[in-house]
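> Take a look at the following structure, please.
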Amino acid sequence: MKKKHAIFTNLAAAIMLLPLLGTSQNLVPDDNVPGVMISQGFNIELGIDGLNYPSNITIGNGKIWVTEAGFPGVPPTVKEVTLNGDMPGMATTILTPSMLPLGMLLPPFTDITFKDGLIWISHRQVGANGWPLGAVSHFDPADPASTFETVIANLPSAGDHSNNTIVFGTDGRGYISLGSATNSGVVGSDNVPKWVEDAPGFRDMAPVDITFAPNGFTARVPTSLDPDSNAVTAAYRAFDTGEETSEYVVAAATPNNPQDGIIAGIGSVYSFDPSAVDVAGSLVLECWGLRNAFGLAFDASNPSRLLISNNGTDIRGQAGDPNDPLNPDTYVIQGNRPLFNDKDVCLRLR
């Protein structure tokens with residue numbers, strides 16, 4: 001009898017195949033892949049290699065598709081994978097930005113999901129104010145370029161983190177996770193010049209109306225936009241717009257009340273109706289208060305329960321002493337609002 005296999009991506013540029021694992025006990029080395037430990041009685045096989053930063057994978061109608069996220073000098077792609085018996089398989093590009101109008105399909109490609117004959121992808125495109133903003137699009141894998149349609153645009157994805165995973169629930173709705181623009185709520189030197197020069201004025205967007213106490217954070221190190229290192233930025237405000245000296249409210253970004261053209265807030269999970277005439281207009285905020293909610297999955301034992309993986313805040317900076325890089329006395333903090341010991345966590349919705 002043939003063994004059933006699950007498939008996962010390896011960011012070291014390979015797709016591996018392995019049987020569905022039922023236990024993590026009795027782990028033993030695998031003869032085919034040195035250094036890999038798997039449950040006794042199972043094996044792992046190379047499915048395909050030579051990929052550039054594969055970010056996600058989906059299966060449907062007996063076929064396999066994978067996204068390559070894209071990075072400078074390497075375009076993002078959607079590839080169809082053909083397995084080839086005992087030999088590594090082949091990957092054929094079926095969609096890349098050059099197949100569509102300029103600015104329609106920008107990296108990173110963060111997710112790919114097959115549903116009801118269509119492939120859905122999470123990506124970016126040129127949006128409001130010319131910013132590279134988040135989008136959700138779908139297409140027929142038999143004719144990707146001609147059937148390509150963006151159904152949600154202008155998500156807050158011009159900053160550090162993008163729109164991420166798309167999953168579909170038994171309620172018929174789609175769910176998408178959105179990351180934050182900054183590391184910890186304040187645009188700072190850790191974001192300059194990277195995206196601040198490309199999207200001046202962009203910042204963390206609120207998913208609900210949020211009231212802030214007076215605040216302001218002074219830049220810690222010089223940057224191209226602030227060579228004197230004296231820029232002051234408040235939470236959820238554009239870089240170098242000054243201190244907020246009194247209480248202030250940041251209005252929610254919604255489809256009915258966009259903020260600078262953006263229709264959703266950061267650090268959140270939204271649901272949408274994939275069959276709606278206006279898919280973007282069907283967005284519903286499911287939860288917020290996260291940093292970078294990347295992974296989504298429904299609990300197999302309770303299909304109404306959504307599991308969310310959340311990336312905690314980084315410690316952003318660089319070693320002041322290359323001979324002692326972990327010395328806290330010489331470490332140079334770059335972020336305007338540094339936090340320590342913020343864990344990566346898995347959360348449960350409902």
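The values are calculated or read from the model by the stated rules, or taken from the named source; none is laboratory data. Remember, predicted model here, so these are calculated numbers, not experimental data. Note: ideal-geometry Cβ built from the backbone for every residue, glycine included; neighbour counts use all protein chains shown. Side chains are part of the model used for accessible areas, which takes the heavy atoms of the whole protein and leaves out ligands, DNA and RNA. Shrake-Rupley method; radii C 1.70, N 1.55, O 1.52, S 1.80 Å.
> In segment 152-199, which residues are among the aliphatic types (A, V, I, L, M) and under 19 Å from residue 268 (Cα atoms)?
Residues of segment 152-199 that are among the aliphatic types (A, V, I, L, M), as a first pass: 152-153, 155, 158, 166-167, 176, 178, 181, 186-187, 192, 196, 199.
Passing the criteria: 152, 153, 155, 158, 166, 167, 176, 178, 181, 186, 187.
> Then there is this: Counting only residues that are open to solvent by less than 10 Å² (accessible area, probe 1.4 Å) and part of a loop (DSSP other than H, G, I, E, B), which one in segment 197-206 is nearest to residue 235 (Cα to Cα)? Break it down into steps so the answer makes sense when it comes.
The initial filter retains those residues of segment 197-206 that are open to solvent by less than 10 Å² (accessible area, probe 1.4 Å), namely 199, 202, 204-206.
Imposing the further condition that a residue be part of a loop (DSSP other than H, G, I, E, B) reduces the set to 199, 202, 204-205.
On the way: 199: 17, 202: 12, 204: 8, 205: 10 Å.
Here the answer is 204.
> Another one. If you take just the strands (runs of 3 or more DSSP E) that sit entirely in segment 59-118, which of them hold at least 2 residues that are within 27 Å of residue 273 (Cβ to Cβ) and not small (Gly, Ala, Ser)? If you could, list the steps in order and put the result at the bottom.
Working: elements: 63-68, 77-84, 87-95, 106-115.
In segment 59-118, the matching strands (runs of 3 or more DSSP E) lie at 63-68, 87-95, 106-115.
> Have a look at 145, 181, 219 and point out the one that is crowded, with 19+ Cβ neighbours inside 10 Å and either at pLDDT 95 or above or in contact with a His (Cβ under 6 Å, 6 or more places away or on another chain) (or both). First the steps, then the outcome.
On the way: 145 fails: crowded, with 19+ Cβ neighbours inside 10 Å; 219 fails: either at pLDDT 95 or above or in contact with a His (Cβ under 6 Å, 6 or more places away or on another chain) (or both).
Selected residue: 181, the only one of 145, 181, 219 that is crowded, with 19+ Cβ neighbours inside 10 Å and either at pLDDT 95 or above or in contact with a His (Cβ under 6 Å, 6 or more places away or on another chain) (or both).
> Across segment 291-350, what is the number of residues that are free of Cβ contacts under 8 Å to residues at least 24 places away in the same chain, hydroxyl-bearing (Ser, Thr, Tyr) and surrounded by 12 or more Cβ atoms within 10 Å (Cβ to Cβ)?
Total satisfying the criteria: 2.
> With (1) within 24 Å of residue 286 (Cα to Cα); (2) surrounded by fewer than 20 Cβ atoms within 10 Å (Cβ to Cβ); (3) touching a helix residue (DSSP H, G or I) at 6+ places or on another chain (Cβ under 6 Å); (4) not hydrophobic (A, V, I, L, M, F, W, C) as the list, and residue 116 as the residue in question, which single condition is left unmet?
Status for residue 116: all satisfied but (3).
> Taking the conditions exactly as written (hydrophobic (A, V, I, L, M, F, W, C) and open to solvent by 10 Å² or more (accessible area, probe 1.4 Å)), does residue 48 satisfy them or not? Break it down stepwise before answering.
Working: hydrophobic (A, V, I, L, M, F, W, C): yes; open to solvent by 10 Å² or more (accessible area, probe 1.4 Å): no.
So residue 48 fails the test.
> So, one more: Could you please let me know if residue 103 is out of contact with any Lys or Arg (no Cβ under 9 Å at 6 or more places or on another chain), open to solvent by less than 40 Å² (accessible area, probe 1.4 Å) and under 18 Å from residue 259 (Cβ atoms)? Walk me through how you get there before you give the answer.
Numbers: out of contact with any Lys or Arg (no Cβ under 9 Å at 6 or more places or on another chain): yes; open to solvent by less than 40 Å² (accessible area, probe 1.4 Å): yes; under 18 Å from residue 259 (Cβ atoms): no.
No, not satisfied.
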